[in-house]
Structures are given as C-alpha cells and as structure tokens.
1. Considering (1) modelled with pLDDT of 90 or more; (2) closer than 19 Å to residue 75 by Cα; (3) of a type outside the set (Ser, Thr, Tyr), say which one residue 163 fails and leave the rest.
2. If the requirement is being surrounded by 17 or more Cβ atoms within 10 Å (Cβ to Cβ), assigned to a loop (DSSP other than H, G, I, E, B) and of a type outside the set (Asp, Glu), which of these qualifies: 144, 193, 140?
3. State all residues of region 174-188 that are surrounded by fewer than 18 Cβ atoms within 10 Å (Cβ to Cβ), of a type outside the set (D, E, K, R) and touching a residue at least 60 places away in the same chain (Cβ under 8 Å); if no residue qualifies, say none.
4. Exactly one of these conditions fails for residue 211: (1) buried (at least 24 other Cβ atoms within 10 Å of the Cβ); (2) over 24 Å from residue 105 (Cα atoms). Give me its number.
5. Is one or more of the residues making up region 220-240 hydroxyl-bearing (Ser, Thr, Tyr), modelled with pLDDT of 80 or more and out of contact with any helix residue (DSSP H, G or I) (no Cβ under 6 Å at 6 or more places or on another chain)?
6. For the list (1) outside any helix (DSSP H, G or I); (2) of a type in the set (D, E, K, R); (3) closer than 30 Å to residue 143 by Cα, I need the number of the one condition that residue 44 fails.
7. All but one of (1) part of a helix (DSSP H, G or I); (2) free of Cβ contacts under 8 Å to residues at least 60 places away in the same chain hold for residue 221; which doesn't?
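The values are calculated or read from the model by the stated rules, or taken from the named source; none is laboratory data. Small disclaimer: the values here were computed from a predicted structure and weren't measured. Here the Cβ positions follow ideal geometry from the backbone for every residue, glycine too, while neighbour counts run over all protein chains shown.
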Amino acid sequence: MKEIQKRERFKLSIADVLTALWDTARNVLPIVLFLCAFQVLVLKKPIEGAKTFAVGTILTILGLHVFLKGVSLSLIPLGDSVGRNLIMLNNKYFIIIFGFMLGYFATLVEPALRALAMEVEEISAGAIPVNILIQAVAIGFGLGMTLGILKILYNISIKTILMPIVTLAVILGYFAPREFVDIAIDSASATTGPVNVPLNMAIALGLSKILEASDPLLNGFGIVGLTSMGAVVSVLVLGILTKI
C-alpha cells in the first residue's frame with residue numbers, strides 16, 4: 001500500500017513539474033516563434049545554426065523555470081522574513097543603514113546592469129569604465145532603497161518623496177552631458193532585474209506588514225520606483241562630475 005502511495009506521489013510530482021515547465025514555455029515560445037517567422041517570412045533570411053538555436057531555446061525555458069522556482073523558494077520568503085524581523089533591531093537608523101547596504105550590494109550582482117555597463121564601456125571606447133558606472137548606479141540604488149525604508153518607517157506619502165527627486169533629476173539632466181542622460185534612464189531600467197525586484201519588494205512588504213501604523217498596500221509598493229530614480233540621479237551626478 002505504501003509503495004502504491006509513493007508511486008502516486010511520484011507521478012503527481014512529475015506532472016506538477018511538467019505543468020510548470022509548460023507554463024514557462026508558453027511565455028517564451030510565442031516571442032521565439034514570432035521572431036523566427038519575422039526572420040524567415042518578412043526579412044527572407046534563414047535561421048542560422050538551427051540546431052544550436054533549438055538547444056538554446058530549450059535551455060532558456062529550463063533556466064527561466066529553475067530561476068523563477070528558486071526565487072519563489074528562496075529570495076522572496078527570505079526577504080519577507082527579514083523585513084518582518086527588521087523591527088526587532090529597535091533602531092530605525094540601523095534599519096535605514098541596512099536598507100542602503102542591501103540596495104547597494106544587490107545591485108552589484110544584477111546581471112542586466114553589468115551587461116549595460118559593458119556595452120557603455122565598449123561604445124564609449126573605455127571613457128566610461130564598467131566598474132565606475134556600476135558603482136554609481138549601486139550607490140544611487142542604495143540611496144533610493146534608503147528613501148523607501150524611510151517612507152515605510154515614517155508612513156510618508158510617495159508623492160512627498162518622489163516629486164523632489166523627479167525635480168532634482170530634471171535639473172541635473174539639464175547640466176549633465178547628453179550621453180549620461182540616456183545612460184541614466186537605461187541604468188534605472190537595468191536595476192529592475194531578477195535580483196533586486198523580488199528581494200527588495202519582499203523586504204519592503206515584510207517590513208510594512210509588521211508595522212502597526214503602516215498599510216502594506218500603500219507603503220509596501222513604490223519602493224522599486226524610488227530605487228530606480230536614485231540610480232538616475234547618481235548617474236547624472238557622475239556625468240556632471242566627469243564634465244567638470
């Protein structure tokens with residue numbers, strides 16, 4: 001009887017895995033098929049390295065599935081738990097410092113940002129080194145995370161924080177070199193990647209849930225936007241410093 005139950009559970013687990021893989025494939029395959037059809041039918045060009053392309057597509061589906069599963073099992077629960085327990089520090093200054101350090105170090109490992117920084121270094125012929133841009137974005141992201149934590153701890157409206165930052169970004173954009181304005185916008189987008197978003201949002205929501213005077217719906221969200229604006233401001237400041 002126990003052996004039959006084990007087999008049934010094994011069959012169910014395999015079915016669950018295959019269902020989850022198919023859900024991931026349904027998100028990836030439409031864009032792959034669209035690009036293939038556009039390449040062949042509209043551009044009249046063949047798919048180069050068809051076998052390698054097919055293997056790569058399969059690996060993309062498997063990799064994306066494993067990554068999303070890992071995030072849901074590790075980063076999101078851990079972030080939520082840390083956010084809920086931050087209040088045990090009983091010191092808002094430590095919590096704010098923690099927010100900056102988390103945003104800073106999480107940004108350093110963001111793959112999209114590194115890819116962008118490498119492209120910037122190549123196009124600028126080394127004038128904007130990879131590490132300099134990444135450090136500038138990480139500092140700005142950390143400051144944005146700090147503002148997000150402040151917003152939650154002191155129940156500050158998002159408008160109260162966001163409008164001055166946007167105004168500052170517009171002013172800095174006027175004085176910064178044109179190329180840094182464009183890079184700043186792309187840097188902000190690059191920070192909203194697979195590491196920062198689930199981790200930082202989980203911590204923000206976890207902290208907001210545990211505070212009595214904080215509404216998670218009002219204060220837990222918006223932190224990603226603040227961190228992105230922090231990255232914009234820091235890159236613009238870098239552009240002005242290089243200009244000087």
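1. (2)
2. Going through 144, 193, 140 in turn, the sole match is 193.
3. Within region 174-188, 175, 177 qualify.
4. (1)
5. No, there is no match, as no residue in region 220-240 is hydroxyl-bearing (Ser, Thr, Tyr), modelled with pLDDT of 80 or more and out of contact with any helix residue (DSSP H, G or I) (no Cβ under 6 Å at 6 or more places or on another chain).
6. (3)
7. Answer for residue 221: the failing condition is (1).
Let's see how each residue does on (1) in contact (Cβ under 8 Å) with a residue 12 or more places away in the chain; (2) more than 17 Å from residue 229 (Cα to Cα):
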{"position": "89", "(1), (2)": "no, yes"}
{"position": "96", "(1), (2)": "yes, yes"}
{"position": "137", "(1), (2)": "yes, no"}
{"position": "144", "(1), (2)": "yes, no"}
{"position": "149", "(1), (2)": "yes, no"}
